[in-house]
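The structure appears below as structure tokens.
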Amino acid sequence: MATLETNTVRQASTISLLEEMERKYKEIPVESIVKQDILRMGIHFLPESFLVSEEYKSKDYFIFSFDHTPLSELGDGADTKAPEEIRLQGGHFNLLPTVISTRNNPASPYKMKLHDGVPTLVLDETIIGKVAYPPKPSWYNHKTQSGKLPGEIAPVIEWGYLIYLTVFRNCQYFGKEEECAYCDINHNYRQQRGAGRPYTGVKDVDDILEVMSWIDKEDKIAEVYTITGGSVLTNLKKKNEVDFYLQYPEAIEKKFPGRWMGKLVAQAFEKEDCQKFVDVGVKIYHPNYEVWDKELFKKICPGKEAWIGYDNWIRRVVDSAEVFGPEHVIPNFVGGVELSAPYGFKTVAEAIQSTGEGLDFFMSKGIVPRFTAWCPEPYTTLGTQAGPPLEYFCELLTTWKRTFEKYNLPTPPGYGEPGAGKAVFSVSAFMDVIGYKGRN
Ligand code: SF4
């Protein structure tokens, strides 16, 4: 592996870079390479790209902003009309359909245009593919008795597969001394409210059940729901963190037993607390460790370090496998944040060495970490940065796949079908690489 040095200037995306990566990384599909590059750079939607005949689902800002630019600076309709995801197909690399999360970036070289009435993604005048936008579910047109919009209460992502329930849109880790350095949950809440949007801070169980009842009746695509939100350090609505988050799956499973697969993204809890979630019917647990290197965890997740601590966090992840079963514990890390300035590694090789160690540690125990591609959002402690070069993500996907295959692990449940052309997980390409046989 090259010891490519990262620097402060974002590596440009060009066709020749993509082709070079395609030649060099033959164990991963080209779809995964292009997907990671688009996630890395974001997309510039030209106003014409919104002039499509079919109604589609726009970005619901389901937890973070996942944009490279503040909402107030997104012009030309991108702030309200950008689709949640795109499905890209054909083009220069003859891509299989590839679902990619939208990260608005007016400075991106990836331009969304309209060619013969069809949204088309272009890089340096070369067509990367024809694009579809996600369909808007029928139940998005209802309103709850309390006057809330379904897309605000229970949005779907991953092409409609996952109902994403951010039940608490803030985090009690607050300010630079506590917030995770890559996270804009609190800032995003403020910018959404500042833009005059309905954006409920703490969701009402009844609102969620009302929307879920429409999904139950009208929807055939959603198979999974996620309960998540910011950390609760003291209490929220007179409940401690565990009881606060527990009330949602408890109510959902009571009313719709086993209708969808329930997932929880929360802090790393002790086994007794994990058991409470299993008891109400939650199947998958995501106690996200964010970054493997211990010293970087301290710097990048200062609140988690202060309240729980790295060693405790990792121990709890491992312990939770005794409760959920190892294949049902899927901790996330933020792919690329270990290369962030000022504390991160200086080379791709060092970053992969460290992150790969973490993958081996967990996968040897049957726990399969997944990752989201770091988006350097402006309102975070880390701020706008160059971000990792594309080579980092190619190395990461290759390492992830090799380790996953080394331990002969099952496809992580709750993500739909794996493989290029089928995967719907949109914020990284880890599902796209599963089962790929390689190319000459
Ligand atoms: S714990 Fe960290 S990543 Fe999670 S919401 Fe709070 S600040 Fe963000």
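The values are calculated or read from the model by the stated rules, or taken from the named source; none is laboratory data. Not measured: the values here are computed from a predicted model. Please note: Cβ atoms are built from the backbone with ideal geometry, for glycine as well, and neighbour counts cover all protein chains shown.
Here are some notes:
- In the stretch 301-323, the residue that is farthest from the ligand (Cβ to nearest atom) out of those that are part of a loop (DSSP other than H, G, I, E, B) and within 17 Å of Val232 (Cβ to Cβ) is Ile308.
- The residues on offer are Val334, Val282, Val278, Val291, and the sole one that is within 21 Å of the chain's Cα centre (by Cα), of a type in the set (A, V, I, L, M, F, W, C) and away from the ligand (no atom under 14 Å from the Cβ) is Val282.
- Cβ-Cβ under 8 Å pairs, at least 6 apart or on other chains, the stretch 65-85 side outside any loop (DSSP other than H, G, I, E, B), far side of a type in the set (Val, Ile, Thr): Pro83/Thr102; Glu85/Val99; Glu85/Ile100; Glu85/Thr102; Glu85/Ile157
- The strands (runs of 3 or more DSSP E) located wholly in the stretch 103-209 that include 3 or more residues which are more than 26 Å from Tyr415 (Cβ to Cβ) and either in contact with a strand residue (DSSP E or B) (Cβ under 6 Å, 6 or more places away or on another chain) or modelled with pLDDT of 95 or more (or both) occupy 110-115, 118-123.
- Test: Phe297 is of a type in the set (Phe, Trp, Tyr), within 16 Å of the ligand (Cβ to nearest atom), farther than 28 Å from Glu158 by Cα and buried (at least 19 other Cβ atoms within 10 Å of the Cβ): yes
- Scope the stretch 403-440; condition over 30 Å from Ile43 (Cα atoms) and either within 16 Å of the chain's Cα centre (by Cα) or of a type in the set (D, E, K, R) (or both); matching residues: Glu405, Lys406
- Total residues in the stretch 394-440, condition part of a helix (DSSP H, G or I) and of a type in the set (Phe, Trp, Tyr): 2
- A single entry from Leu246, Leu264 fulfils the requirement of being at pLDDT 95 or above, outside any strand (DSSP E or B) and within 24 Å of the chain's Cα centre (by Cα): Leu246.
- Subset of the stretch 215-233 (residues that are more than 14 Å from the ligand (Cβ to nearest atom) and part of a loop (DSSP other than H, G, I, E, B)): Asp219, Lys220, Ile221, Ala222, Glu223
- Residue match in the stretch 119-133 (condition: more than 16 Å from the ligand (Cβ to nearest atom), within 22 Å of Ile227 (Cα to Cα) and surrounded by 19 or more Cβ atoms within 10 Å (Cβ to Cβ)): no
- When the criteria are applied in full, Lys203 meets the requirement of being within 16 Å of the ligand (Cβ to nearest atom), charged (D, E, K, R) and either over 19 Å from Thr80 (Cβ atoms) or in contact with a His (Cβ under 7 Å, 6 or more places away or on another chain) (or both).
- Close pairs from the stretch 257-268: first within 16 Å of the ligand (Cβ to nearest atom), partner outside any strand (DSSP E or B) and polar (S, T, N, Q), Cβ under 8 Å, at least 6 apart: Val265/Asn288; Ala266/Ser231; Gln267/Ser231; Ala268/Asn312; Ala268/Ser320
- Of the criteria (1) within 20 Å of Pro412 (Cβ to Cβ); (2) surrounded by fewer than 17 Cβ atoms within 10 Å (Cβ to Cβ), which one Arg316 fails: (2)
- Flag for Ser354 being in contact with an Asp or Glu (Cβ under 8 Å, 6 or more places away or on another chain) and part of a helix (DSSP H, G or I): yes
- Verdict on Leu123 being under 21 Å from Thr14 (Cβ atoms), among the aliphatic types (A, V, I, L, M) and in contact (Cβ under 8 Å) with a residue 40 or more places away in the chain: yes
- Those residues of the stretch 160-194 which are surrounded by fewer than 23 Cβ atoms within 10 Å (Cβ to Cβ) and away from the ligand (no atom under 16 Å from the Cβ), in sequence order: Gly160, Tyr161, Arg193, Gly194
- The stretch 234-243: number of residues that are outside any helix (DSSP H, G or I) and without any contact (Cβ under 8 Å) to a residue 12 or more places away in the chain: 4
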